[in-house]
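Colleague: Here it is, the structure in full.
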Amino acid sequence: MLTFRALGPFQACHGGDPVDLGGQRQMAVLARLLVAGGRAVPVSMLIDELWPGEPPAQALSTVQGYVSRLRRALEPGRAPREEAEVLVSAPPGYALRAAPDQVDTWTFERAVKATGEPAEVWERLGRALALWRGPALAEFSDLQWAATEAGRLEELRLVAVERRADAGLRLGQSGALVADLEAHASAHPLREEAWRLLALALYRSGRQGDALGALRRARALLREELGLDLGPALQRLESDMLAQAAHLDLPPAPPAAGETREVRDTVASPASAASAASPASAASAASTEASGPRTLRVVVADDQALVRTGLRVVLDSEPGFQLVAEAEDGERAIAAVRETSPDVVLMDIQMPRLDGLTAARRILADDAPPKVIMMTTFGTDDNLYAALRAGVSGFVLKTSAPEQLISAMRAAQAGDALIDPAVTTRLIAAFAGRADPSVPPALAGLGDTDLDLMKLVARGLTNRQIAVTLSVPEHSVAQSVTRLLDHLGLHDRAQLVVVAYESGLVNPGGPGR
């Protein structure tokens, strides 16, 4: 069987024997088609991405020559006039036709995004992680498309490591996991899920002092790097450990038969929502669910059908949510919102015809608009900063776990939505010092109490958490936040975060002045 391997040195193999794929740029053509996941890539795009900046005059004929030689290498038994079956013509370009189990990246991604009981997850992700033989697509790291895909695959690999470790903890393998989790947390110190798993493994191994020490290390690193405290999940874990809560000693019961589901393509399932859900999202979602949330009507807007399919699966399987419309571009999203009057819109920030940012602005300009949550792949799009100014209720990564997406939507509808503080800090830091004429000058007219409140909001605290911090009633905090928004002429809390950073009230990477 013909197989393709990109999780390490790039190869194509016939029955385990490597195929001669030619030179570096010829190999890059095949790698780019593999990254496309079976979708057609136009020849013009291949040329632009193979020769960034200044393609040679004979670029078209060169690409055609590469494709011809790759076809002979991949299908050596094909007759001269017989149509190719692997590297096929798909006007206006080419596509790679292969089954998911023929491509290691496709196999790996499918394994990471499937769910199941702990024993099943442990075995499946063990096999999936074994597919990695080194950095993905390293031969093409100087090409932007390859670097972007390599980053996406590396994030999925970290998710797989954490999901497998979580399954191992549920299976009682705490002691055996400590060393690997220690290395994982040290290599990726800003991943709160890594610290949660390490601390829990230590605690269940009878090392309570070391478990609390791991959480102290996590707190120190987060404060030093981002100016943040531990997220809600780690704070709860620390409190439970200090109280020696009984539930920490036993793994949670596995889900009942029939409860597992597969979330397709773009929705991964890390073991916990701690690393990507905001403190506001987690707290608000918990309180809302406890009081019996009403059904939230949702519109999903994304140009990729697979993304919409994954989100449809999440919403269909979650009580209290109703998917009322889907859209594949910004124009259709606006029409769907005006037709269905949803509570929440999940909007991809990059879409054809009309991008998600422009669509969000138009939606939010309507009377009584829904909450808009932007979706992005990596959280590094410059438009996210503009989206905050436009008044969206935050954003989520497309690789977020289903629980994180649900929490974000509930929190947005409750009016207590914020972007993940760690990502907020990273985004704002990239734009620190950039002037915006709409920002109120020097926060004129605000007293120390108002400024302190702004700092706490900017750090991602919910009204409940602020009330505890300031020792005041929660309803008083809500009234103060509303008054502050009115005074500054702002739409919602997300814009308040932006103003706090732009005015210098809160410094990126620092705990505030």
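The values are calculated or read from the model by the stated rules, or taken from the named source; none is laboratory data. The structure presented is a predicted model; accordingly, all values stated were derived computationally and were not measured. Every residue, glycine as well, gets a Cβ built from its backbone with ideal geometry; the counts of neighbours run over all protein chains shown. Surface areas here come from the heavy atoms of the whole protein model, side chains and all, with no ligands, DNA or RNA. Shrake-Rupley method; radii C 1.70, N 1.55, O 1.52, S 1.80 Å.
Colleague: Among the residues of the stretch 115-127, which ones are crowded, with 18+ Cβ neighbours inside 10 Å and not β-branched (V, I, T)?
Modeller: Correct list: G116, P118, W122, R124, L125.
Colleague: While we're looking at this one, here's another question. Which of (1) over 22 Å from the mean Cα position of the chain (by Cα); (2) over 22 Å from A111 (Cβ atoms); (3) small (G, A, S) is the odd one out, the single condition A176 does not satisfy?
Modeller: Looking at each condition in turn, A176 falls short on (2).
Colleague: With respect to S141, determine if the residue is closer than 30 Å to L46 by Cβ, hydroxyl-bearing (S, T, Y) and either open to solvent by 30 Å² or more (accessible area, probe 1.4 Å) or at pLDDT 95 or above (or both). Break it down into steps so the answer makes sense when it comes.
Modeller: On the way: closer than 30 Å to L46 by Cβ: yes; hydroxyl-bearing (S, T, Y): yes; either open to solvent by 30 Å² or more (accessible area, probe 1.4 Å) or at pLDDT 95 or above (or both): yes.
When the stated conditions are applied, S141 passes them.
Colleague: A further question on this structure: Provide a single number: the residues in the stretch 112-150 that are of a type in the set (S, T, N, Q) and in contact with a Lys or Arg (Cβ under 7 Å, 6 or more places away or on another chain).
Modeller: First, the residues of the stretch 112-150 that are of a type in the set (S, T, N, Q): 115, 141, 144, 148.
From what's left, in contact with a Lys or Arg (Cβ under 7 Å, 6 or more places away or on another chain): 115.
Matching residues across the stretch 112-150 total 1.
Colleague: Go over the candidates A165, A150, A160 one by one and state the one that is under 19 Å from the mean Cα position of the chain (by Cα) and more than 22 Å from L21 (Cβ to Cβ). Before the answer, list the steps.
Modeller: Numbers: A165 fails: under 19 Å from the mean Cα position of the chain (by Cα); A150 fails: more than 22 Å from L21 (Cβ to Cβ).
Result of the check over A165, A150, A160: A160.
Colleague: Which of (1) open to solvent by less than 80 Å² (accessible area, probe 1.4 Å); (2) of a type outside the set (D, E); (3) over 30 Å from L158 (Cβ atoms) does V35 not meet, given it meets every other one?
Modeller: Exception for V35: condition (3).
Colleague: Continuing with the same structure: For the stretch 1-30, give me each residue that is touching a strand residue (DSSP E or B) at 6+ places or on another chain (Cβ under 9 Å), open to solvent by less than 20 Å² (accessible area, probe 1.4 Å) and part of a loop (DSSP other than H, G, I, E, B).
Modeller: The answer is A6, F10, L21.
Colleague: I'm trying to understand the selection: among the residues of the stretch 67-114, which are open to solvent by less than 20 Å² (accessible area, probe 1.4 Å), in a helix (DSSP H, G or I) and hydrophobic (A, V, I, L, M, F, W, C)?
Modeller: V67, L70, L74, F108, A111, V112 - these are the residues of the stretch 67-114 that are open to solvent by less than 20 Å² (accessible area, probe 1.4 Å), in a helix (DSSP H, G or I) and hydrophobic (A, V, I, L, M, F, W, C).
Colleague: Which condition does G134 not pass, out of (1) assigned to a helix (DSSP H, G or I); (2) among the small types (G, A, S); (3) more than 24 Å from G310 (Cβ to Cβ), if it passes all the others?
Modeller: Status for G134: all satisfied but (1).
Colleague: Residue under question is E83, and the condition is that it be modelled with pLDDT under 95 and either small (G, A, S) or closer than 22 Å to D142 by Cβ (or both); does it hold?
Modeller: Numbers: modelled with pLDDT under 95: yes; either small (G, A, S) or closer than 22 Å to D142 by Cβ (or both): no.
Spelling it out, it is not the case that E83 is modelled with pLDDT under 95 and either small (G, A, S) or closer than 22 Å to D142 by Cβ (or both).
Colleague: Which one of A194, A176 is in contact (Cβ under 8 Å) with a residue 12 or more places away in the chain and assigned to a helix (DSSP H, G or I)? Before the answer, list the steps.
Modeller: On the way: A176 fails: in contact (Cβ under 8 Å) with a residue 12 or more places away in the chain.
Answer to the selection: A194.
Colleague: Within the stretch 180-188, is even one residue outside any helix (DSSP H, G or I), at pLDDT 90 or above and of a type in the set (D, E, K, R)?
Modeller: Within the stretch 180-188 (the criterion being outside any helix (DSSP H, G or I), at pLDDT 90 or above and of a type in the set (D, E, K, R)), the answer is no, since none of the residues qualifies.
Colleague: Which condition number does V63 fail, the rest of (1) out of contact with any Ser or Thr (no Cβ under 7 Å at 6 or more places or on another chain); (2) open to solvent by 20 Å² or more (accessible area, probe 1.4 Å) being met?
Modeller: (2)
Colleague: Also: So, in the stretch 452-496, exactly how many residues are closer than 22 Å to P369 by Cβ, modelled with pLDDT of 75 or more and among the aliphatic types (A, V, I, L, M)?
Modeller: So the count comes out to 8.
Colleague: Could I ask something else about it? Quick one: how many residues across the stretch 278-316 are open to solvent by 40 Å² or more (accessible area, probe 1.4 Å), at pLDDT below 80 and assigned to a loop (DSSP other than H, G, I, E, B)?
Modeller: Final tally of qualifying residues: 4.
Colleague: Every residue in the stretch 197-230 that is in a loop (DSSP other than H, G, I, E, B), within 29 Å of A458 (Cα to Cα) and open to solvent by less than 60 Å² (accessible area, probe 1.4 Å), please.
Modeller: Listed by number, the residues that qualify are G227, L228, L230.
Colleague: Out of all the residues in the stretch 421-429, is one or more surrounded by 22 or more Cβ atoms within 10 Å (Cβ to Cβ) and at pLDDT 75 or above?
Modeller: Within the stretch 421-429, none of the residues are surrounded by 22 or more Cβ atoms within 10 Å (Cβ to Cβ) and at pLDDT 75 or above.
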